[in-house]
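Q: Below you will find the structure I want to go over with you.
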Amino acid sequence: MENEKIEKENKKTGKKSKKKVITTIIIIVVLILLIVGGFVFYHANQIGKLVSEVNKMLNIEMVDAEGNAIENPLDMEIKTTGSYAIVERTLKDYVNEVVTETQKLSNAFNEEEIVKLASIDTIEEDGPDFINSKEKIAELRETVNSYVEKMDELANENYIYARIDDKDVSEYYKELYRNLATDKETNASLEQSIDELKSAQEEASSVLDGLESIFDFLSENKNEWEIQEGQIVFMTDSAYEEYTNLISALEIM
């Protein structure tokens, strides 16, 4: 009887121990699921915020319809945390550099500047040597060339990727940056944009060359013209014809 009682007690203890072990395992599993769930939610949430910010950056407007720079077009506030914030900051710093360079060009080179250079007022005020006008042309040419050179550098994939290389984040975050910064479609668009930009550079250079030719002609033939009642008047038909051809060539550009 005594042995049977002991055996029953052992069975009860065994059941209790087994139940305790199972309960402990369930608690551990639940905790692990909660931790993993929190981990997954955090990363999904952060990536979602990053993608949202990237989409905003893709749609920013740097200049208005008149070609004037829009003040602070890029939201530089960091919406993510931890290493994701480093990725976001690196992306925004890069895009902000593109915006800043583009707005420099917009501020320096616009249609109004060109029209002003070719105006009668400028010819009267700065002629017959056109020192200031020629300096302005040189500045505009340097601005355009520097901008194209800088954009060519900024659009280079190696330059874009290098922005994250010195950051104190793991390879996962560096790869995330690379994937968000460029893809095949983006690279193709960048190459096309740079080609179009270089074509625009050639057109701008032609316009500036045309203006410079006009000022050179007027300087070299300073005794062949004068300003009368807001109009440029030439003393000879040949000088007038040459000037008209230069103006016509400028208008075609």
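Q: If a residue has to be exposed (fewer than 14 other Cβ atoms within 10 Å of the Cβ), closer than 30 Å to K222 by Cα and among the small types (G, A, S) to count, how many in region 80-139 make the cut?
A: 2
Q: Are any residues in region 141-165 over 16 Å from E202 (Cα atoms) and of a type in the set (S, T, N, Q), and if so, which ones?
A: If the condition is that a residue be over 16 Å from E202 (Cα atoms) and of a type in the set (S, T, N, Q), then N156, N158 are the ones that fit.
Q: Search region 133-157 for residues that are within 17 Å of S199 (Cβ to Cβ) and touching a residue at least 40 places away in the same chain (Cβ under 8 Å) and pair each with any residue that is among the aromatic types (F, W, Y) and crowded, with 18+ Cβ neighbours inside 10 Å when their beta-carbon atoms are under 7 Å apart and the residues are at least 6 apart or on different chains.
A: Short answer, once both residue conditions are applied: V144/F109.
Q: Could I ask something else about it? Can you find even one residue in region 203-221 that is surrounded by fewer than 13 Cβ atoms within 10 Å (Cβ to Cβ), of a type outside the set (G, A, S) and at pLDDT 90 or above? Give the derivation first.
A: At the first step, the residues of region 203-221 found to be surrounded by fewer than 13 Cβ atoms within 10 Å (Cβ to Cβ) are 203, 220.
Within this subset, residues satisfying the condition of being of a type outside the set (G, A, S) are 203, 220.
So of that shortlist, the ones also at pLDDT 90 or above come out as 220.
Taking every residue of region 203-221 in turn, at least one turns out to be surrounded by fewer than 13 Cβ atoms within 10 Å (Cβ to Cβ), of a type outside the set (G, A, S) and at pLDDT 90 or above.
Q: Give me the residue from region 70-124 that is aromatic (F, W, Y) and farther than 30 Å from V233 by Cα and, out of that set, modelled with the highest pLDDT.
A: Y84
The values are calculated or read from the model by the stated rules, or taken from the named source; none is laboratory data. All figures in this text were calculated on a predicted structure; none of them were measured in a lab. All Cβ positions, even for glycine, are placed from backbone atoms using ideal geometry, and neighbour counts span all protein chains on display.
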